[in-house]
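> Take a look at the following structure, please.
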Amino acid sequence: MYQKVKGTIDYYGVEAKKLQIVSEKVKNTIENFGYEEVVLPIIENTEVFTRSSGETSDIVRKEMYTFNDRGKRSLTLRPEGTAGVVRFFLESKEYANLDLKKYYYFGPMFRYERPQKGRYRQFIQFGVEVFGKSSYLLDVDVIYSAYAIFKALGIENIRLKINTIGDFSSRKDYAIALKEYFKPKLDLLCPDCNERYVSNPLRILDCKVDSESVVLKQAPKIKDYLNEEAKTYFKNVLSALDLLNVPYEVDDTLVRGLDYYTDVVFEFEAMLGDNYLTICGGGKYSDLVKNMGGPDIPGIGYSFGIERLIELMNELNLFKDLEQKVDLVIISLDENTKKQSLKIANDLRKVGYKVELDYASIKMKQQFRLSEKLNAKFVLIYGEEEAKNKEVQIKNQKTGTQETIKIKDLEKYLGENL
Ligand code: ATP
Ligand code: MG
């Protein structure tokens, strides 16, 4: 027996419907904020990610699906959306004519991780990226758009955690302080953190293994290394969030998993089971566009994990009436009417009804069985006699009443009775 690849999901039936509902709501909401969709390739040249996410990030170090194609090019299945959007922004020279660009994407990402609840190897992300002049009001509007998406989906119990990690120069001082602090404590940290100590000590703070350790909790805080400008900027962000009535928690241990973030970083968490789980994470990246060879234009973005979002919505019972009901099943009793019933079915589908028929059988019993299986609201019976009179028998499956009506009056009848 063939099996799906470990850490992947097959969406079918109501599960596929949920995906469709979430995708539509999310897209409708974000378009009100002035964002435009970009649908980009899933494969990119590997450098797009190594250059942007940073050689020391977990993603680049151990999570990417990287392979050589037959032309010996190193390609990678995208593990995240930002790098590709920046690549597109630069390649298409979109930056040349407008001072603000707002993009969103919705699609699969790939990471080689240990699969578990809420963590897959192929998963779907929705995300936004905004490029243009830096402004705290823009940052807050971006954060607010994520908040608005939760609200549009009916999700109330979320928690916004926010922090500022300053610019690169503040971070450099901070990294030195962290190294000094961790140096005598290295044997209390996990092997990965020992590597991080060398490559990027900030990342130790984001460790999933050591997250509860006092060594981490007592580590120096980034806020003591920020310059005045970064502090004022952050204060402004918080006051605008207050104005918009967005509840938040300043979490001075929050750093993000990718190298490119600067200043404001944030995460939206929700209770899933007994734990808080991050559904959406993002932040500002002042230098990413420049580092990828473009002009000095700052960006800000976030991304949602759609599987986690759907799991949360399941738990909150936010999906209702997903079973798709068939309006009509057409039952025909000989070859001739069977053929004509295809025409009747498609005339009704054209005006918006969901119509099914048994393509093969002309046996009454079998066709009725189909209508029951599909839970059809009406059954149409079309035999030789009906065809001669240009009419059909229509039976309301709920009430059991049956009437004879002209085919030309069918649409009107369904309009009044469905
Ligand atoms: P985590 O700390 O949970 O590993 P992350 O920092 O790696 O998350 P991001 O790169 O910020 O995650 O991705 C944004 C969102 O995408 C996450 O908050 C999460 O909801 C979702 N996500 C990330 N990795 C996975 C995965 N392997 N499976 C499902 N969803 C994921
Ligand atoms: Mg991760």
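> Within region 178-201, how many residues turn out to be touching a residue at least 24 places away in the same chain (Cβ under 8 Å), among the hydrophobic types (A, V, I, L, M, F, W, C) and either in contact with a Phe, Trp or Tyr (Cβ under 7 Å, 6 or more places away or on another chain) or crowded, with 19+ Cβ neighbours inside 10 Å (or both)?
Adding up the residues that qualify gives 3.
> When you scan region 327-349, do you find a residue that is under 30 Å from I162 (Cβ atoms) and more than 16 Å from ligand 2 (Cβ to nearest atom), even just one?
Pass one, region 327-349, residues under 30 Å from I162 (Cβ atoms): none.
No - not one qualifying residue is present in region 327-349.
> Follow-up question, since we're still on this one. Kindly evaluate L272 against the criterion of being more than 20 Å from the chain's Cα centre (by Cα) and either within 16 Å of ligand 1 (Cβ to nearest atom) or buried (at least 16 other Cβ atoms within 10 Å of the Cβ) (or both). Let's see the steps before the verdict.
Numbers: more than 20 Å from the chain's Cα centre (by Cα): no; either within 16 Å of ligand 1 (Cβ to nearest atom) or buried (at least 16 other Cβ atoms within 10 Å of the Cβ) (or both): yes.
Considered against the rule, which asks whether it is more than 20 Å from the chain's Cα centre (by Cα) and either within 16 Å of ligand 1 (Cβ to nearest atom) or buried (at least 16 other Cβ atoms within 10 Å of the Cβ) (or both), L272 comes out as no.
> Return yes when K62 is open to solvent by 30 Å² or more (accessible area, probe 1.4 Å), outside any strand (DSSP E or B), within 15 Å of ligand 1 (Cβ to nearest atom) and not aliphatic (A, V, I, L, M) and no when it is not. Even if it seems obvious, please write down each step before you answer.
Details: open to solvent by 30 Å² or more (accessible area, probe 1.4 Å): yes; outside any strand (DSSP E or B): yes; within 15 Å of ligand 1 (Cβ to nearest atom): yes; not aliphatic (A, V, I, L, M): yes.
So K62 passes the test.
> Something else now. If T66 passes every condition in (1) modelled with pLDDT under 95; (2) over 19 Å from the mean Cα position of the chain (by Cα) but one, which one does it miss?
(1)
> Which of (1) open to solvent by 20 Å² or more (accessible area, probe 1.4 Å); (2) over 20 Å from the mean Cα position of the chain (by Cα); (3) modelled with pLDDT of 95 or more; (4) not acidic (D, E) does V140 not meet, given it meets every other one?
For V140, the exception is condition (1).
> Among the residues of region 111-127, are any outside any loop (DSSP other than H, G, I, E, B), more than 16 Å from ligand 1 (Cβ to nearest atom) and either surrounded by 17 or more Cβ atoms within 10 Å (Cβ to Cβ) or outside the structural domain of Y276 (by TED's automatic domain parsing) (or both)?
So far as region 111-127 goes, no, none of its residues is outside any loop (DSSP other than H, G, I, E, B), more than 16 Å from ligand 1 (Cβ to nearest atom) and either surrounded by 17 or more Cβ atoms within 10 Å (Cβ to Cβ) or outside the structural domain of Y276 (by TED's automatic domain parsing) (or both).
> Looking at region 287-326 only, could you name the residues that are aromatic (F, W, Y) and in contact with a Phe, Trp or Tyr (Cβ under 8 Å, 6 or more places away or on another chain)? Spell out how you get there, then give the answer.
First, the residues of region 287-326 that are aromatic (F, W, Y): 302, 304, 319.
Hits for region 287-326 are Y302, F304.
> Looking at (1) within 13 Å of ligand 1 (Cβ to nearest atom); (2) in contact (Cβ under 8 Å) with a residue 40 or more places away in the chain, which one does L138 not meet, given that it meets all the others?
(1)
> In region 304-318, which residues are more than 16 Å from ligand 2 (Cβ to nearest atom) and open to solvent by 30 Å² or more (accessible area, probe 1.4 Å)?
E311, N314, E315, L316, N317, L318
> Any idea how many residues of region 65-91 are open to solvent by less than 50 Å² (accessible area, probe 1.4 Å) and not in a helix (DSSP H, G or I)?
10
> Still on this model: Can you name every residue in region 282-302 that is surrounded by fewer than 23 Cβ atoms within 10 Å (Cβ to Cβ) and within 20 Å of the chain's Cα centre (by Cα)?
Taking region 282-302 as the starting set, the residues that turn out to be surrounded by fewer than 23 Cβ atoms within 10 Å (Cβ to Cβ) are 286-287, 289-298.
Passing the criteria: none in range.
> Assess whether V39 counts as being closer than 20 Å to V289 by Cα and in contact (Cβ under 8 Å) with a residue 12 or more places away in the chain.
Spelling it out, V39 is indeed closer than 20 Å to V289 by Cα and in contact (Cβ under 8 Å) with a residue 12 or more places away in the chain.
> Picking from T56, T82, which residue would you name as being of a type in the set (S, T, Y), within 16 Å of ligand 1 (Cβ to nearest atom) and farther than 24 Å from V209 by Cβ?
On the way: T56 fails: farther than 24 Å from V209 by Cβ.
Of T56, T82, the one residue that is of a type in the set (S, T, Y), within 16 Å of ligand 1 (Cβ to nearest atom) and farther than 24 Å from V209 by Cβ is T82.
> Of all residues in region 1-26, count the ones that are surrounded by 15 or more Cβ atoms within 10 Å (Cβ to Cβ) and more than 16 Å from ligand 1 (Cβ to nearest atom).
Of the residues in that region, 2 qualify.
> Same structure, new question: Please pick out the residue among D242, D173 that is part of a helix (DSSP H, G or I), in the same structural domain as E31 (by TED's automatic domain parsing) and surrounded by fewer than 17 Cβ atoms within 10 Å (Cβ to Cβ). Show your work before the answer.
On the way: D173 fails: in the same structural domain as E31 (by TED's automatic domain parsing).
On inspection, the qualifying residue turns out to be D242.
> Tell me, which strands (runs of 3 or more DSSP E) lie completely within region 324-418 with 3 or more residues that are under 42 Å from the mean Cα position of the chain (by Cα)? Break it down stepwise before answering.
Working: elements: 328-332, 355-357, 378-382, 391-396, 402-406.
Result: 328-332, 355-357, 378-382.
> Next question, about the same structure. Can F106 be described as in contact (Cβ under 8 Å) with a residue 40 or more places away in the chain, open to solvent by 20 Å² or more (accessible area, probe 1.4 Å), within 15 Å of ligand 1 (Cβ to nearest atom) and hydrophobic (A, V, I, L, M, F, W, C)?
So F106 fits the description; yes.
The values are calculated or read from the model by the stated rules, or taken from the named source; none is laboratory data. Note that this is a predicted model, so its numbers are computed, not measured. As a convention, Cβ positions derive from the backbone with ideal geometry for all residues, glycine included, and neighbour counts pool all protein chains shown. When the accessible area is computed, the model is the full protein with side chains, heavy atoms only, and any ligands, DNA or RNA have been set aside. Shrake-Rupley method; radii C 1.70, N 1.55, O 1.52, S 1.80 Å.
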